[in-house]
Structure formats: C-alpha cells, structure tokens
Amino acid sequence: MLPSHLLTTISLPVDYYLSLTTSKAKAYRADAGYTGHAEPDIGSYADYIPMTVEGLLSQEDAHARVISIKEDIDIESDEMLQAHRARAKIEHPDEDWDQRFPILDVRPFALKRTVVANRNLLKLHLAVQHLWREAVRHESESGHQYDYVLFMRDDSLWLSEFYLAKILVAGDHDVYVPACDARSPPLHPQEINDHILISKRSSADVFGNYYSTLFEIDTQKCMRRLGFKDRGCNSEMLLKFVMEEHGIDAGRVGQGLIPFQRSVQVRLPDSSTKVCFHKFCQSVQNPIVTDGIDQCKNIDWTAVFQ
C-alpha cells in the first residue's frame, strides 16, 4: 500500500508500443449516423507520428520501443485464421467464413455487422500480439521484465492524468478494468469492460497473445452458459470467459481512476470537427468528469448531416 501523499508524485519508467493503420475500415455500427464521417487524427501525417510521439514521451520517463504504422493489418495470411476459415467453409458453406468467429450472431439484422466486427477484432488483437512479441523480445534482451502492462485501444481519449498507484491501492488483483457499473445500458452479468486492461506481468501473456488465445478457447462453451440459440459471446463476454478459464482475478475500479473514454472525431458539413464519446463507461464510485463532451449516440446526426 502506498501513502496518499505519494499517489500523484511517483514517476514510473514506461515503455510505449504503438500500432496504427492508415486505411479506412468498415465500422461495426455503420448505421449509427456518424461512423461514415469519422476523421482520423493520423490523416495524411503518418510520417510525423513517430517524431511527435517520441517528442511527447521524451518529456517524461518514457521510451517509444515500437511505433508501427501500416496501411492495414494483414490477417489473411495468418495460418490459424486460414485453417479456421477452411473449417467454416465446410461447416457453413452458405455463410461468410467470418460470420461465427470470434463473435457469433446469426440474427438476420446482425449478419453483416457481425462479420465486420469479427474482422476488426481479429485485426486489433493481431496487431497487439505483434507488439507484445516485441515487448517480450525487449525483456529478453534487457534482462528485465515489466511489472505492469496496459493494453488499450487506439481510440482512447484521456481526459486527465492517470496514476497507476491509485489503481494499486484499490486492492491486489491480477488485472484492473473499468467497473462500468453505471453504464446505460448496463453490462450483462457475463460481460466485463474490454476498453482497457491493466495487467500484472504474471497475467499479461494471456492478453498479449489474445489473438492466439481466441483460437484456443471453446467459444461454444462460452455460448452455452448464455442460453441463447442465435447468439454467442460478444467481445466483453469472451474476455470475461478467458479470464475465468485462466483463473485470472479482475479488479473493477472507478472510471475516474482510469480517466479516458473511447472517442471519435467527426468531420462536420462545414469542414469543422466534433469529438464525441463513441463508447461511454461510467462508474458508481469514482465517476469520471467528462467536461461537457457529448456521447455520440445522443446526437441527432440526421439533423447534423441533412
């Protein structure tokens, strides 16, 4: 336990691993009214990203170990996915081969969006796995292991400073995630927030290699505990299932202790931009202050783009 006066004064050395892509990707909720107008920060400045990130990190005790910027993440040539798709073609020849993995949702209205979600998830986790292997290689070469690993998405907007020490005094857990217990709609009992994850090094391999882990787990077992006939586990259910299967203890903490929200920058008709929260989590204890930024779902996009 750390004394309270040290919570905001301890500076920890940090290594940074980043993967970004420049190509446009289909959105899971393409009908949300704003996703087709997303304006990525990276834009045409991809060549300047490494210099910008390294400059920001140099102001702190941090180092950019890997900054990977590609047009896209190649999942097509991955042997595990190729083998899985081959089986899917045999078992469900009339379906898209990405219809049922890792998320399954065969309700008629959800077919197309589920395929998009699955490909996006696989790309996300394969990119993380590439970074994780670089992190493990650095550990081997340096002779030192990391203490904690923070896994997060590239659409995270930090609203204030983050202090790891404040998380650690919340209790001794293998991983820490936002409680998200004031979310609307509420989390399903079998869900756990998957926007960000802070892991002890002893558990981090499971999440660093999460792409491979998805091919190893029994997704049907995850589905059976839900009792649905036409749906399997979504990404948040899969994460909770993986944690339970590996005996990983998760601590849920207030959103104010991990002060970020997943966000999107939208290009408006007058060429200005507006930032809104693409996914929003709030907690009962230690809630986050959002400084007046709107939730994307609460904006009348039909009126905006009419």
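The values are calculated or read from the model by the stated rules, or taken from the named source; none is laboratory data. Computed from a prediction, not measured in an experiment: that's the story for all the values here. Here the Cβ is made from the backbone with ideal geometry for all residues, glycine too, and neighbour counts use every protein chain on show.
Side notes on the structure shown:
- Against the test of being farther than 21 Å from R153 by Cβ, hydrophobic (A, V, I, L, M, F, W, C) and surrounded by 15 or more Cβ atoms within 10 Å (Cβ to Cβ), the options A250, A204, A179, A165 yield a single qualifying residue, A165.
- The condition (being acidic (D, E), closer than 25 Å to L157 by Cα and assigned to a helix (DSSP H, G or I)) is satisfied by just one residue among E244, E236: E236.
- Output for segment 111-160, where each listed residue is in contact (Cβ under 8 Å) with a residue 60 or more places away in the chain, closer than 19 Å to C233 by Cα and of a type outside the set (D, E, K, R): V116, A117, N120, L121, L122, H125
- Residue match in segment 50-73 (condition: touching a residue at least 24 places away in the same chain (Cβ under 8 Å), assigned to a helix (DSSP H, G or I) and crowded, with 18+ Cβ neighbours inside 10 Å): no
- The set of residues in segment 67-89 being within 30 Å of L57 (Cβ to Cβ), charged (D, E, K, R) and modelled with pLDDT of 95 or more consists of D74 alone.
- Single residue of L268, L214 found to be in contact with a helix residue (DSSP H, G or I) (Cβ under 9 Å, 6 or more places away or on another chain), aliphatic (A, V, I, L, M) and over 26 Å from A127 (Cβ atoms): L268
- Selected residue (only one of L214, L226 is under 16 Å from the mean Cα position of the chain (by Cα) and either modelled with pLDDT of 95 or more or surrounded by fewer than 19 Cβ atoms within 10 Å (Cβ to Cβ) (or both)): L214
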